[in-house]
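Structure first, then comments.
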Amino acid sequence: MRITVVGDVLLDVDINGAATRLSPDAPVPVVDVADIRRRAGGAGLVATVLAHDGHDVALVTALSDDACASHLRRALSGVLVLAGAPLAPTPTKTRVRIGTHPMVRFDEGCAPAPVPSCTAQMLAAIASADAIVVADYGRGITANTDIRSALADAAKCAPVVWDPHPAGSAPVGGVAVVTPNLAEALASARAGGLEPSCTGAEQAGRYLLKRWGSGAVLVTKGEEGALLLAAGDVAQGIPAPRTNVSDPCGAGDRLAGSLAVHLGMGLDIEQAATKAVEDASAFLAAGGAASLAVVADAPAPNGIQKPRPATEASPVVEASPENEPSPVVELQGLELVDPGDLHPHGVHLAHAVRARGGTVVATGGCFDLLHAGHARTLAAARSMGDCLIVCLNSDESVSRLKGAHRPIVSVEDRAELLLALESVDAVVVFGEDTPEACLSKIRPDIWVKGGDYTPEELPEARLVAGWGGRCVTVPFHPARSTSGLAAALAKVS
């Protein structure tokens, strides 16, 4: 499904650690930082979640050119970002947590921003969507008159779900449903003229339904679920499944995205709202927004060095079948052997990340002639966990699979190019035709492949499920393939 998310993006930073002592300078706790995680917030979170679900997602937003925006672009891998100039810095919210307990939050760049510009591509993404989510965080994107006009036109043809903000713009008329939380609904209703004494979700929702001219208003109420109000219908309470939640961040974004998907699939508003509430609860139970963060700047676990920068050589290790001698691979003077003697970087990294509760992601392939499609797939895979290990076919394996004329690039060069990408943490070379033996050593939590098939169709699905892992597919990018590049080079030569 083609989904366009329209709205403001933020950079959310989580600093996680433990506190076991007070500072000698003042009676405040000293936080020993375990890791720093960055993720896209606001409309960026909606887009990220939908992309992880396998949808074709375009994000219509505004992005600055500062350092925080570069972190946002990495966190938004797998999403087509169409951005106008915001003329303002990237809003950043940094949370410090001790265990699961929030300690303090720092906000930077969150002052009111001017209305950003828009492009023809942004308007085209709105017009061509099967469903639209508007995630208004009060940074001006929904105040752009061209965007508002495009949304009003799109609402006549596709479901538009509008998640409002107290500092944002009023929804355009004709959207399918508006999803304020209870506090937002009461504040908007009172600002519009409803009696200040109003404290009920139904009264506020009815008032907003008429004022906004939407098909429905879904007032969310946290663990109490939501209240659905549609013109001419009685209010419908939607209970939320019982869930143990340590951090409710992202629940509204998950709900709005799911609601748009279910409406786009043809469900009626009551069915779609019920499923969206269930999806939001499941999202929180699985860790919520924090589970989507990209780990950075983490201290080395158990003395193991973090992945090296792209300017240094990282280890490349060839995995061997059981009961065969462990091969030794040298790369720029670094010699490593298989796990029977020493832990190679890729396998050791997987063990270390898993030991600290992280998520190990792996993907595989020949990667002969790297192109933009590879880079996007690898970036999308890396965003799903705390490290990305690439299982790389050896030269002999590539020749058996692709023919005697392949590979074009040697395994050493292919590995070095992969390691130069920010998204790749380690490379493990395997000599078989399939990566099963390699996967059995790494035992990833998530195995990612590019393609237009379902995860269950992957030949590795049963193997990965054996240790509790799961398979995920990300879409191929049209007109980008190694075969096409090779054919073009052949013509030039």
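The values are calculated or read from the model by the stated rules, or taken from the named source; none is laboratory data. For clarity, every value in this text was computed on a predicted model and none was experimentally measured. Don't worry about glycine lacking a Cβ; one is built from the backbone with ideal geometry, like all the others, and counts go over all protein chains shown. Note: accessible area is taken over every heavy atom of the protein model, side chains too, but ligands, DNA and RNA are not part of it. Shrake-Rupley method; radii C 1.70, N 1.55, O 1.52, S 1.80 Å.
Residues checked against (1) in contact (Cβ under 8 Å) with a residue 24 or more places away in the chain; (2) part of a helix (DSSP H, G or I); (3) of a type outside the set (A, V, I, L, M); (4) surrounded by fewer than 19 Cβ atoms within 10 Å (Cβ to Cβ):
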site: LEU417; (1), (2), (3), (4): yes, yes, no, yes
site: VAL427; (1), (2), (3), (4): yes, no, no, no
site: PRO444; (1), (2), (3), (4): yes, no, yes, no
site: GLU456; (1), (2), (3), (4): no, yes, yes, yes
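Would you pick out the residues in the range 164-177 that are within 25 Å of the chain's Cα centre (by Cα) and farther than 18 Å from ALA129 by Cα?
Step one: list which residues in the range 164-177 are within 25 Å of the chain's Cα centre (by Cα), which gives 164-165, 168, 177.
PRO164, HIS165, GLY168 - these are the residues of the range 164-177 that are within 25 Å of the chain's Cα centre (by Cα) and farther than 18 Å from ALA129 by Cα.
Please verify whether ALA282 is among the hydrophobic types (A, V, I, L, M, F, W, C) and within 30 Å of MET1 (Cα to Cα), treating the condition exactly as stated. Talk me through it step by step, then tell me what you get.
Values: among the hydrophobic types (A, V, I, L, M, F, W, C): yes; within 30 Å of MET1 (Cα to Cα): yes.
The answer is yes for ALA282.
Filtering the range 1-57 down to residues that are in a strand (DSSP E or B) and of a type in the set (S, T, N, Q), which residue is surrounded by the most Cβ atoms within 10 Å (Cβ to Cβ)? I'd like the intermediate steps shown before the answer.
Residues of the range 1-57 that are in a strand (DSSP E or B), as a first pass: 2-7, 9-22, 29-42, 56-57.
Among the residues that remain, those that are also of a type in the set (S, T, N, Q) are: 4, 16, 20.
Working: THR4: 31, ASN16: 20, THR20: 9.
Looking at residues that are in a strand (DSSP E or B) and of a type in the set (S, T, N, Q), I get THR4.
State yes or no: is ALA362 assigned to a helix (DSSP H, G or I) and of a type in the set (Gly, Ala, Ser)? If you could, list the steps in order and put the result at the bottom.
Values: assigned to a helix (DSSP H, G or I): no; of a type in the set (Gly, Ala, Ser): yes.
It is false that ALA362 is assigned to a helix (DSSP H, G or I) and of a type in the set (Gly, Ala, Ser).
Output the residue which, of all residues in the range 115-124 that are open to solvent by less than 60 Å² (accessible area, probe 1.4 Å) and not polar (S, T, N, Q), is nearest to the chain's Cα centre (by Cα).
In the first step, residues of the range 115-124 are kept if they are open to solvent by less than 60 Å² (accessible area, probe 1.4 Å); the result is 116-119, 122-124.
Next, from what is left, pick out any that are not polar (S, T, N, Q): 116, 118, 122-124.
On the way: PRO116: 24, CYS118: 24, MET122: 20, LEU123: 23, ALA124: 23 Å.
Step by step, filter the range 115-124, then rank; the result is MET122.
Looking only at the range 48-71, count how many residues are touching a residue at least 60 places away in the same chain (Cβ under 8 Å) and over 19 Å from ARG105 (Cα atoms). First the steps, then the outcome.
Of the range 48-71, the ones touching a residue at least 60 places away in the same chain (Cβ under 8 Å) are 48-56, 58, 60-62, 71.
With the extra rule that they be over 19 Å from ARG105 (Cα atoms), the set shrinks to 48-56, 58, 60-62.
Count: 13.
Any idea which of (1) within 22 Å of the chain's Cα centre (by Cα); (2) open to solvent by 40 Å² or more (accessible area, probe 1.4 Å) is the one VAL448 doesn't satisfy?
(2)
Among the residues of the range 125-147, write down those that are touching a residue at least 40 places away in the same chain (Cβ under 8 Å), more than 30 Å from LEU267 (Cα to Cα) and either open to solvent by 60 Å² or more (accessible area, probe 1.4 Å) or among the charged types (D, E, K, R) (or both).
Scanning the range 125-147 gives a single hit, ARG139.
I need the full set of residues from the range 104-114 which are in contact with a Lys or Arg (Cβ under 9 Å, 6 or more places away or on another chain), at pLDDT below 90 and open to solvent by less than 80 Å² (accessible area, probe 1.4 Å), in order please. Please lay out each step first, then the result.
So the first thing to find is which residues in the range 104-114 are in contact with a Lys or Arg (Cβ under 9 Å, 6 or more places away or on another chain), and the list is 104-108, 110, 112-113.
Those still in the list that are at pLDDT below 90 too: 110, 112-113.
Hits for the range 104-114 are CYS110, ALA113.
Based on this model, can you work out whether ARG242 counts as free of Cβ contacts under 8 Å to residues at least 60 places away in the same chain, of a type in the set (Lys, Arg), under 21 Å from PRO171 (Cβ atoms) and open to solvent by 30 Å² or more (accessible area, probe 1.4 Å)?
Numbers: free of Cβ contacts under 8 Å to residues at least 60 places away in the same chain: yes; of a type in the set (Lys, Arg): yes; under 21 Å from PRO171 (Cβ atoms): no; open to solvent by 30 Å² or more (accessible area, probe 1.4 Å): yes.
Here the answer is no, as ARG242 does not meet what is asked.
Looking at VAL104, VAL161, which is the one that is free of Cβ contacts under 8 Å to residues at least 24 places away in the same chain and under 28 Å from the mean Cα position of the chain (by Cα)?
Matching residue, one of VAL104, VAL161: VAL104.
When you look at GLU432, is it in contact (Cβ under 8 Å) with a residue 60 or more places away in the chain and open to solvent by 50 Å² or more (accessible area, probe 1.4 Å), yes or no? Break it down stepwise before answering.
Details: in contact (Cβ under 8 Å) with a residue 60 or more places away in the chain: yes; open to solvent by 50 Å² or more (accessible area, probe 1.4 Å): no.
Here the answer is no, as GLU432 does not meet what is asked.
Criterion first (at pLDDT below 90, out of contact with any Phe, Trp or Tyr (no Cβ under 6 Å at 6 or more places or on another chain) and part of a loop (DSSP other than H, G, I, E, B)) does ALA240 satisfy it? Quick ask: steps written out before the conclusion?
Details: at pLDDT below 90: yes; out of contact with any Phe, Trp or Tyr (no Cβ under 6 Å at 6 or more places or on another chain): yes; part of a loop (DSSP other than H, G, I, E, B): yes.
It is true that ALA240 is at pLDDT below 90, out of contact with any Phe, Trp or Tyr (no Cβ under 6 Å at 6 or more places or on another chain) and part of a loop (DSSP other than H, G, I, E, B).
Can you tell me which of ALA185, ALA150 is surrounded by 15 or more Cβ atoms within 10 Å (Cβ to Cβ) and closer than 20 Å to LEU227 by Cα? Full working, then the answer.
Working: ALA150 fails: closer than 20 Å to LEU227 by Cα.
Only one candidate passes the filter, namely ALA185.
Quick check on my filter: what residues within the range 58-78 are buried (at least 16 other Cβ atoms within 10 Å of the Cβ), more than 23 Å from ASP146 (Cβ to Cβ) and among the polar types (S, T, N, Q)?
Hit for the range 58-78 is SER77, nothing else.
What's the number of the only condition in (1) touching a Lys or Arg at 6+ places or on another chain (Cβ under 7 Å); (2) surrounded by fewer than 18 Cβ atoms within 10 Å (Cβ to Cβ); (3) among the charged types (D, E, K, R) that ASP279 fails to meet?
(2)
Which one is nearest to ALA131 (Cα to Cα), of the residues in the range 233-272 that are of a type in the set (Ser, Thr, Tyr) and touching an Asp or Glu at 6+ places or on another chain (Cβ under 8 Å)? Talk me through it step by step, then tell me what you get.
Going residue by residue through the range 233-272, those that are of a type in the set (Ser, Thr, Tyr) are 243, 246, 258.
Then drop every residue that is not touching an Asp or Glu at 6+ places or on another chain (Cβ under 8 Å), which leaves 243, 258.
Numbers: THR243: 28, SER258: 11 Å.
The extreme case among them is SER258.
For the range 393-414, name all the residues that are crowded, with 19+ Cβ neighbours inside 10 Å, in a helix (DSSP H, G or I) and touching a Leu at 6+ places or on another chain (Cβ under 8 Å).
VAL411, ARG414
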